[in-house]
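*Asks:* Supplied in structure tokens, the structure appears directly below.
The values are calculated or read from the model by the stated rules, or taken from the named source; none is laboratory data. No experiment lies behind these values; they were computed from the predicted model shown. We place every Cβ from the backbone using ideal geometry, glycine too, and count neighbours over all the protein chains shown.
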Amino acid sequence: MSTSIATTDNQTQKIDNVSILTNGELFNRLRTLSEVMANSGNFVPAHFRGKPDSCMAVVMQAARWGMDPFAVAQKTFIVGDSGVLGYEAQLVNAVVNSMAPTKDRIHFEWFGTWENIVGRFVEKTSTKGNKYIVPGWSLADEKGVGVRAYATLKGESEPRELILMLSQAQVRNSTLWASDPRQQLAYLAVKRWARLYCPDVILGVYTADEIEEREEKIINPVQSAQNITMQDITADTPQTSSTQIAGADTDAVADEFRTRINSAETLEDATAVGNDINSAKPTLGTALFTELKNKATRRYHLVKHRNLVETAINAIPRPGEPESVAGFEAAEKVLTAAKRHIGDELYDKYRINLNDMKPEYITA
């Protein structure tokens, strides 16, 4: 089945980046508008009120896009205490669809057993009494489920495509991932398609999930204990020659390995791809082999420790039963130990679940 997002005819930018900085009259007009916005009270979000300099940033961005700055401002937010300005996914997708240099619409083709995903969510109540929903499906249900996004660039005859699996959407910081996962995956696919084929359209513009992904790369560096050694790389590895490179499509082989690594959901899958990478050392060469082996190793540890956390949480006895407190505390310890392997997003997901359960097990 397929669907598409309709777009208007692609238009060039009304105001380009250079003209804003070199045209003094234009700059002053935008500055005046920024001051008006800063004093417009409830017509702009709180993070812009009384802050003309902050308003200037969104006014300049809206000018580049040819959009109403007040409308753009309503679709922004500040990410935590970072001071980073984020843009809602809905706005970013509207920008991509209206400004990407394509001659047709961005199309979607859905594949996999979406019937196991859509409409399956569970309502929960937080410790403060607020109701919220979480996915009611398992990671196994996500296997093979994804979307293909494609569009044809101007001057070309074949569409550029991007395939995105649901399991690749690691950052899910909205309940919409539970209630409308197809829409959320479509938003993410459009953003990644644009980053790949026309990055200038949304250069410097990020949504919350992308900001968190970038931060994770900084605060979760590759652990040295997981790195392969030079002995692993060089042992029994023939010297790469031009004949070997010509005899194999190295890039295609590497891309296939990356896909298998990202989709590995069991220890068996992670082990298998690691073994196949070992066998492909002569074809890959040292640089690619090192990259892929490290990625496969990290994936193995992620799957392993995720399974340990889920097993520990599922093993917690019901509140009031013997060993229930000890079981809960043991699950917390397992989660803490797994943090460096599973990353902040999965850790936060499990931490929230345990925090919701904690009052039933641990009484002050």
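*Asks:* Within the range 151-185, count every residue that is touching a helix residue (DSSP H, G or I) at 6+ places or on another chain (Cβ under 8 Å) and under 25 Å from I133 (Cα atoms).
*Replies:* Adding up the residues that qualify gives 18.
*Asks:* Looking at the structure I just gave you, is E310 charged (D, E, K, R), more than 29 Å from E142 (Cβ to Cβ) and assigned to a helix (DSSP H, G or I)? Step through it out loud before you land on a result.
*Replies:* Values: charged (D, E, K, R): yes; more than 29 Å from E142 (Cβ to Cβ): no; assigned to a helix (DSSP H, G or I): yes.
Criteria not met by E310.
*Asks:* Still on this structure: Out of (1) outside any helix (DSSP H, G or I); (2) surrounded by 14 or more Cβ atoms within 10 Å (Cβ to Cβ), the odd one out for Q184 is which?
*Replies:* Condition not satisfied by Q184: (1).
*Asks:* Out of (1) assigned to a helix (DSSP H, G or I); (2) modelled with pLDDT of 75 or more, the odd one out for I20 is which?
*Replies:* For I20, the failing item is (2).
*Asks:* Right, here's the next one. Which members of the range 108-154 meet the condition of being under 20 Å from L346 (Cα atoms), modelled with pLDDT of 90 or more and among the β-branched types (V, I, T)?
*Replies:* If the condition is that a residue be under 20 Å from L346 (Cα atoms), modelled with pLDDT of 90 or more and among the β-branched types (V, I, T), then I117, V145 are the ones that fit.
*Asks:* Right, another one. Restricting to the range 248-288, count the residues that are outside any helix (DSSP H, G or I) and either of a type in the set (A, V, I, L, M, F, W, C) or more than 19 Å from R298 (Cβ to Cβ) (or both). Break it down into steps so the answer makes sense when it comes.
*Replies:* Taking the range 248-288 as the starting set, the residues that turn out to be outside any helix (DSSP H, G or I) are 248-249, 264-266, 280.
Remaining after also requiring either of a type in the set (A, V, I, L, M, F, W, C) or more than 19 Å from R298 (Cβ to Cβ) (or both): 248-249, 264, 280.
Number of matching residues: 4.
*Asks:* Grab the strands (runs of 3 or more DSSP E) fully contained in the range 40-142, keeping just those with 2 or more residues being of a type outside the set (V, I, T).
*Replies:* On the way: elements: 76-79, 84-87, 106-111, 121-125, 131-135.
The qualifying strands (runs of 3 or more DSSP E) are 84-87, 106-111, 121-125, 131-135.
*Asks:* Moving on. Do you know which of the residues in the range 298-312 that are among the aliphatic types (A, V, I, L, M) and touching a Gly at 6+ places or on another chain (Cβ under 9 Å) is surrounded by the most Cβ atoms within 10 Å (Cβ to Cβ)? Let's see the steps before the verdict.
*Replies:* We begin by selecting, within the range 298-312, every residue among the aliphatic types (A, V, I, L, M); these are 302-303, 308-309, 312.
From what is left, the residues that are touching a Gly at 6+ places or on another chain (Cβ under 9 Å) are 302, 312.
Details: L302: 18, A312: 21.
Of everything passing the filter in the range 298-312, A312 is surrounded by the most Cβ atoms within 10 Å (Cβ to Cβ).
*Asks:* Please indicate, with yes or no, whether at least one residue in the range 259-266 is without any contact (Cβ under 8 Å) to a residue 60 or more places away in the chain, surrounded by fewer than 18 Cβ atoms within 10 Å (Cβ to Cβ) and closer than 30 Å to M357 by Cβ.
*Replies:* Here is the first cut: in the range 259-266, the residues without any contact (Cβ under 8 Å) to a residue 60 or more places away in the chain are 259-261, 264, 266.
With surrounded by fewer than 18 Cβ atoms within 10 Å (Cβ to Cβ) added as a condition, the list becomes 259, 266.
From what's left, closer than 30 Å to M357 by Cβ: 266.
Yes, the range 259-266 contains at least one residue that is without any contact (Cβ under 8 Å) to a residue 60 or more places away in the chain, surrounded by fewer than 18 Cβ atoms within 10 Å (Cβ to Cβ) and closer than 30 Å to M357 by Cβ.
*Asks:* While we're on this one: Of the numbered conditions (1) among the hydroxyl-bearing types (S, T, Y); (2) touching a residue at least 40 places away in the same chain (Cβ under 8 Å); (3) within 25 Å of V273 (Cβ to Cβ), Y361 fails exactly one; give the number of that condition.
*Replies:* (3)
*Asks:* Ok, one more. Pick from A315, A338, A330, A326: which is more than 20 Å from T125 (Cβ to Cβ), exposed (fewer than 14 other Cβ atoms within 10 Å of the Cβ) and in contact with a helix residue (DSSP H, G or I) (Cβ under 8 Å, 6 or more places away or on another chain)?
*Replies:* A315
*Asks:* For the range 287-345, which positions are more than 21 Å from A169 (Cα to Cα) and among the small types (G, A, S)?
*Replies:* If the condition is that a residue be more than 21 Å from A169 (Cα to Cα) and among the small types (G, A, S), then A287, A312, A315, G320, S324, A326, G327, A330, A331, A337 are the ones that fit.
*Asks:* Can you name the residue in the range 116-153 that is of a type in the set (K, R) and within 19 Å of the chain's Cα centre (by Cα) and is also surrounded by the most Cβ atoms within 10 Å (Cβ to Cβ) among such residues?
*Replies:* Step by step, filter the range 116-153, then rank; the result is K143.
*Asks:* Can you tell me which residue within the range 30-55, out of those that are of a type in the set (S, T, N, Q) and out of contact with any Cys (no Cβ under 6 Å at 6 or more places or on another chain), is surrounded by the most Cβ atoms within 10 Å (Cβ to Cβ)?
*Replies:* Let us first name the residues in the range 30-55 that are of a type in the set (S, T, N, Q), namely 32, 34, 39-40, 42, 54.
So of that shortlist, the ones also out of contact with any Cys (no Cβ under 6 Å at 6 or more places or on another chain) come out as 32, 39-40, 42, 54.
Working: T32: 12, N39: 13, S40: 14, N42: 7, S54: 20.
Only one residue fits best here, namely S54.
*Asks:* Within the range 56-84, track down each residue that is in contact with a His (Cβ under 8 Å, 6 or more places away or on another chain) and either buried (at least 19 other Cβ atoms within 10 Å of the Cβ) or among the aromatic types (F, W, Y) (or both). Outline the logic, then answer.
*Replies:* Of the residues in the range 56-84, the ones in contact with a His (Cβ under 8 Å, 6 or more places away or on another chain) are 76-78.
Across the range 56-84, the qualifying residues are T76, F77.
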